[in-house]
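Let me begin by presenting the structure, written as structure tokens, before commenting on it.
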Amino acid sequence: MDNKAKIRQNVLYFFSKKINHPLCPPRNITLTLNYLCNQNCVMCDIKRQKFDKQFEITPQEIKNIIDEMVQMNIEELVLTGGEPFLYPGIFEVIEYAKAKQRKVVMITNGFYDEPLARKIMDSPVDHLQVSLDGSNASIYESVRQTPGSFDIVTGNIKRFVAAGKSVGATATIVRQNYQDLLNIAHLAKRLGCTRLALRPAHVSNADPQNHELRDCSFWIPKEELEILANACQKLEAFNKKTNFLDFCPGVSFLPQYFQKGHMNSAGSCFIGFTRLIISYDEKQSYGVWMCHDMIGDIRRDKLKQIWRGRKARQVRKQVKRCRQSCLFPEIHEPHLRNLVAIFKNSDD
């Protein structure tokens, strides 16, 4: 997409939010393939969710989604989990999406053996976004709780970069690693990653609206927020020189987030317009999720009908009234808040 087309798209998103109705298709579809994972992260409760594998989405159902993406002119497919490379038909799905000229992004932990790593290198996947939660084995494995995984993951990142793959890193911010964030950024840069995405942990990543902080061992406590603020200042100084960090609200907001469990509304929530999220809904099916509720079932309805349907309109109204920010990256589009910002951002 050229710059002129991006400006047009962003202007349409701006007015979509104003009238609370989508005037253009979302940028991408994010599809949760499974709740299976080969790591045991302190901040993740995905593996504790009820997931009946017999109702797992099939490769043919994903191909149907990709066909609908073509019809709706949605360019990018983001595949996540769990760990998406544990999905049995993953390479069949990637090949089909690329045959339909869709961009494919994988959200992955990077923890796999050499044969699987080689298959990934040989695949036409466009971008790998790899979790990197520590700059050394001790910190990384205190978060990921998988002995020996740090060397394997960093080794795979090196292999992917050397093979010419686009690789980004993501650091989920928790008590165990927040003082290591600058070191993580330097490591990601040395490894050849395109950027480092910073994502503060949710109290429950299966329920981002949950702000109950009791008994949360990975949460940064109030007495350590000043240390976090100092770490954020160092990150800001680093980013001014490198523009390497990806965190739309700005790292200075992190202490506020960990103090409350959410941020105050920044007026930049575009979750009902820029992203379409599909995940297993525990009712033996796959639903389109929009922050407050499921708005449709892909096994019963077409995506276009769901995206423009009555339930979607109702939930968009709820989202518009929301005054809390759960910090899902897809909801924060500060450059879309006004037309001046849209055109200024296009010149940067």
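The table for this structure:
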item: Calculated [θ] (222 nm, deg cm²/dmol) that DSSP helices of n ≥ 4 give over the chain, each run adding -39,500 (n - 2.57); result: -11500 deg cm²/dmol
item: Rg ratio (alpha-carbon, reference 2.2 N^0.38 Å) - the range 13-113; result: 1.22
item: Within the chain, longest stretch clear of exposed trypsin sites (Lys or Arg not before Pro) (DSSP loop, no more than 16 other Cβ within 10 Å); result: 101-213
item: Kirkwood Rh in Å, taken over the chain so that all alpha-carbon pairs contribute; result: 20.9 Å
item: Charge dipole (debye, nearest 20) of the range 82-192; +1 at Cβ of Lys and Arg, -1 at Cβ of Asp and Glu; result: 400 debye
item: Dipole axis of the chain (+1 Lys, Arg; -1 Asp, Glu on Cβ), positive-most option in Gln305, Pro200, Cys248; result: Gln305
item: Extreme residue, positive dipole direction of the range 43-93, given options Tyr87, Cys44, Pro59 (C-beta unit charges); result: Cys44
item: Within the range 30-128: Cβ-based charge dipole about Cα centre, in debye rounded to nearest 20 (Lys, Arg +1; Asp, Glu -1); result: 120 debye
item: Cα radius of gyration and Dmax for the range 71-137 (Å); result: 12.8, 45
item: Rg/Rh ratio calculated on Cα atoms of the range 102-154 (Kirkwood radius); result: 1.02
item: Cα Rg, Dmax (largest Cα-Cα span) when computed across the range 126-259, Å; result: 14.8, 45
item: Dipole moment magnitude, nearest 20 debye, the chain about Cα centre, only Lys, Arg, Asp, Glu C-beta charged; result: 1360 debye
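FYI, it's all coordinate maths here, none of it is from the lab. Please read these numbers as outputs of a predicted model, since none were measured by experiment. Ideal geometry is used to build each Cβ from the backbone, glycine not excepted, and the neighbour counts take in all protein chains shown.
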